[in-house]
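Have a look at the structure below before the remarks.
The values are calculated or read from the model by the stated rules, or taken from the named source; none is laboratory data. As the structure is a prediction and not an experimental result, all values here were calculated from the model. Glycine also receives a Cβ, built like all others from the backbone with ideal geometry; neighbour counts cover every protein chain displayed.
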Amino acid sequence: MIVPFGRAGKWHAEQGVTQVQSSPWVATQQQYLVPSYGYLRAIYLSLTASGGSGSAAAYVATGGGANSNDAPFNVFSNILVADVNGTPLFNLDGFAAYLSALYGAYRIFGRIAYPFAAFAPGVDYSAASYSAPSAAGLFKFIQPIFFEFARDGLGCMPNMDASAAYKVTVTYNSPATGGGPSNVYSALTGTAPGLTTQLEALMRSRPASTDPYGNTQETQPPSPGTVQYWSSQTFQVSAGSNTIILARVGNIIRNHILLFRDANGDRSTADSTGVTPTVMEVDWDAGQRTILNVATLRQIAYEWNNFDNPAGVVPMQYTDDPNGIALNEYGDGWIPTVGSTKFQFRFTSSAPGTLQVITNDIVPGASDLYSVNILGR
């Protein structure tokens with residue numbers, strides 16, 4: 001009997017440093033080193049805004065309705081996780097990072113941290129992990145960044161060398177006011193709060209070659225060297241026909257998340273003003289992959305995730321096998337591409353704006369990615 005890595009590599013967690021910006025916080029950059037141990041599964045960034053001198057009704061989250069604001073996640077201008085060679089593994093703005101955890105098929109109950117109660121009536125969000133921006137402008141949330149995906153520890157990265165630690169660089173927006181995706185508040189009176197950010201890391205232990213009963217154990221993740229990436233690219237959308245050709249090809253695509261915004265950068269009106277199209281065509285090389293109403297794409301996402309979608313967001317997940325749930329997939333829905341692959345979105349919009357394409361892709365560590373133990377076949 002061979003004990004698979006997913007069973008042999010036990011969970012381990014450590015806390016990294018905590019960094020504090022005093023009130024009022026400013027646009028700045030902080031760097032964190034990930035604690036070294038075994039294999040890296042995930043990073044959690046816990047952020048709390050506290051202090052300041054805001055009075056009642058002085059601070060209001062950006063955006064109009066319950067599903068339209070980017071706050072408080074847009075307090076992060078960018079989150080960059082780089083490997084020991086400086087290669088970006090995760091490189092997203094704050095709201096895109098939030099969407100990566102929401103739709104990335106890592107946790108079936110990820111929606112518990114979803115702040116827009118209009119989409120989840122009756123759900124009580126734990127004050128220990130999330131609080132929406134209050135009248136005094138205070139908030140807190142935990143931003144997860146996942147590396148392990150699918151099954152049995154696939155994607156866990158070696159993390160045993162303290163002299164070559166993974167680096168997390170966090171860039172903050174200022175507490176500016178007004179519309180658009182970069183402003184945390186739409187109104188600001190008094191002094192903005194300070195920010196406290198702590199990094200925590202989830203790992204798996206490096207298994208011994210045998211367990212206490214003499215069974216041989218796998219000592220590294222399946223398909224060693226397999227890594228997933230999160231990145232994004234923003235395109236201009238014109239009033240009329242649009243063809244968006246993706247430059248991020250050459251790997252195995254696991255998720256696309258489309259994020260439409262109006263000409264002012266506000267996604268809360270992208271749907272109502274017609275920047276978000278009514279029909280989406282997806283072409284893969286010479287063939288048409290899908291052509292569906294955007295409402296149908298959102299309905300499919302609802303069926304897989306059991307929550308509605310934020311304004312301007314159109315999820316396109318390839319992680320629903322084997323049970324029609326976006327979680328613990330075998331990889332049947334992944335889209336393999338090469339450098340010459342033509343992958344494009346075609347649609348018609350009635351107003352100008354932008355489209356941010358958030359891409360989650362995989363670089364396999366070996367040619368046996370589809371035949372390792374994660375498939376369970």
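Some observations on this one:
- Yes/no for PRO322 being at pLDDT 95 or above and not acidic (Asp, Glu): no
- Checked against the criteria, SER209 does not count as surrounded by 17 or more Cβ atoms within 10 Å (Cβ to Cβ) and among the hydroxyl-bearing types (Ser, Thr, Tyr).
- Residue in segment 211-223 that is closer than 30 Å to ALA71 by Cα, of a type in the set (Gly, Ala, Ser) and not in a strand (DSSP E or B) present: no
- Subset of segment 3-21 [surrounded by 16 or more Cβ atoms within 10 Å (Cβ to Cβ) and part of a strand (DSSP E or B)]: VAL3, HIS12, GLY16, GLN21
- Filter result for the condition that a residue is hydrophobic (A, V, I, L, M, F, W, C), at negative phi and assigned to a loop (DSSP other than H, G, I, E, B), over LEU154, LEU199: LEU154
- Selection status of GLY225, under 26 Å from LEU327 (Cα atoms), among the small types (Gly, Ala, Ser) and surrounded by fewer than 17 Cβ atoms within 10 Å (Cβ to Cβ): yes
- Selection status of ASP285, free of Cβ contacts under 8 Å to residues at least 60 places away in the same chain, out of contact with any Cys (no Cβ under 9 Å at 6 or more places or on another chain) and at positive phi: yes
- Yes/no for GLU303 being assigned by TED's automatic domain parsing to the domain that holds GLY339, surrounded by 13 or more Cβ atoms within 10 Å (Cβ to Cβ) and of a type in the set (D, E, K, R): no
- Checking TYR37, TYR32, TYR44 one by one, the residue that is assigned by TED's automatic domain parsing to the domain that holds GLU200, assigned to a loop (DSSP other than H, G, I, E, B) and crowded, with 17+ Cβ neighbours inside 10 Å is TYR37 and no other.
- Scan of segment 157-193 for residues that are acidic (Asp, Glu) and either outside the structural domain of VAL20 (by TED's automatic domain parsing) or in a strand (DSSP E or B) (or both), ordered by number: none
- Segment 267-286, residues that are of a type in the set (S, T, N, Q) and under 15 Å from PRO315 (Cβ atoms): THR276
- A Cβ distance below 9 Å, combined with a sequence gap of six or more or placement on separate chains, defines the contacts here; from segment 76-96, residues that are under 15 Å from ALA165 (Cβ atoms) reach residues that are acidic (Asp, Glu) and at pLDDT below 95 in the pairs VAL84/ASP161; LEU89/ASP83.
- Residue among THR273, THR243 that alone is outside the structural domain of LEU89 (by TED's automatic domain parsing), in contact with an Asp or Glu (Cβ under 6 Å, 6 or more places away or on another chain) and surrounded by fewer than 23 Cβ atoms within 10 Å (Cβ to Cβ): THR273
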